[in-house]
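Notes to accompany the following structure.
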Amino acid sequence: MLTSLVFSLVNPLFLKLADNHAFFSLKILINYCTIIKNIALEIPHNPYQMNVNPSNSRNISSLMIRLRNFMIVSAAIALLVSIFIGLRTEKVSISLNEMAEAATPLDVALSNNKPTLVEFYANWCTTCQAMAPELDKIRQQYAQNTNFVMLNVDNSKWLPEVVKYRVDGIPHFVFLDREGTEVGQTIGETPKSIMASNIEALVAGISVPYNSTVGQGNQFNASLVPIKASQADPRVHGSQVQ
């Protein structure tokens, strides 16, 4: 009975863990532990429990029950604390869609007199996904004086830009100065240090130190004539713009 009660309290915690955006506060953790403790240490009321004489076999049995319950409570609390600590120290990753929503629109970036980093990406691009957490850190660091634009190559709206900047592999990064003029490009997986150095050069108005750098990426072939969505599989690295 006690095990079932403990499980009924711990189980919702595991269900919450399925939600990547759910983080339990210390207050909630303490509430869970308190409830478990109160249930586990509760002893049925009967006349024999009022007698604390150790020689009474019923009291000895009651003490054994208390000891067993205490061990269960300790294990449950340790489990909850471990989960809580794991949640607090777990590295949070950001999705490409979340980054795209936070990105600066291209037309705004070309008119606000700030240097710009344009990333051509696709949701199916594994390299783009792998670079997302580091790029998000860079964005947070330089967002005040640099535009961060994200253009999805699977959206035919950006076909002119794909052709203009000769995008044939993703992620494809284009560095633009304050006037919107291209001053450098990098293709594929790019170390955070290189990205940061190029952005700092953009902000300072000097030549980017790393230009035409090529790293591991995903092949992408753009078609001048958009094809129907039913004819392309975006999971294939060589798929065309839709």
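The values are calculated or read from the model by the stated rules, or taken from the named source; none is laboratory data. These figures come from a predicted structure and were not determined experimentally. Ideal geometry is used to build each Cβ from the backbone, glycine not excepted, and the neighbour counts take in all protein chains shown.
Listing for the model above:
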{"item": "Selected residue (criterion: surrounded by the most Cβ atoms within 10 Å (Cβ to Cβ)) from residues of the range 125-134 that are touching a strand residue (DSSP E or B) at 6+ places or on another chain (Cβ under 7 Å) and assigned to a helix (DSSP H, G or I)", "result": "128"}
{"item": "Condition broken by residue 169, with the remaining ones in (1) under 21 Å from the mean Cα position of the chain (by Cα); (2) farther than 19 Å from residue 110 by Cα satisfied", "result": "(1)"}
{"item": "Residue tally, condition among the acidic types (Asp, Glu) and touching a helix residue (DSSP H, G or I) at 6+ places or on another chain (Cβ under 8 Å), over the range 137-166", "result": "1"}
{"item": "Of all residues in the range 165-179 being in a strand (DSSP E or B) and touching a residue at least 60 places away in the same chain (Cβ under 8 Å), the one that is surrounded by the most Cβ atoms within 10 Å (Cβ to Cβ)", "result": "175"}
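Okay, residues lined up against (1) under 16 Å from residue 211 (Cβ atoms); (2) without any contact (Cβ under 8 Å) to a residue 40 or more places away in the chain; (3) buried (at least 21 other Cβ atoms within 10 Å of the Cβ); (4) in contact with an Asp or Glu (Cβ under 6 Å, 6 or more places away or on another chain):
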position	(1), (2), (3), (4)
106	no, no, no, no
122	no, no, yes, yes
159	no, no, no, no
163	no, no, no, no
181	yes, yes, no, no
184	yes, yes, no, no
196	yes, no, no, no
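A quick yes/no check of all residues on (1) modelled with pLDDT under 70; (2) surrounded by fewer than 12 Cβ atoms within 10 Å (Cβ to Cβ); (3) charged (D, E, K, R); (4) within 22 Å of the chain's Cα centre (by Cα):
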| residue | (1), (2), (3), (4) |
| --- | --- |
| 57 | yes, yes, no, no |
| 90 | yes, yes, yes, yes |
| 102 | no, no, no, yes |
| 110 | no, no, no, no |
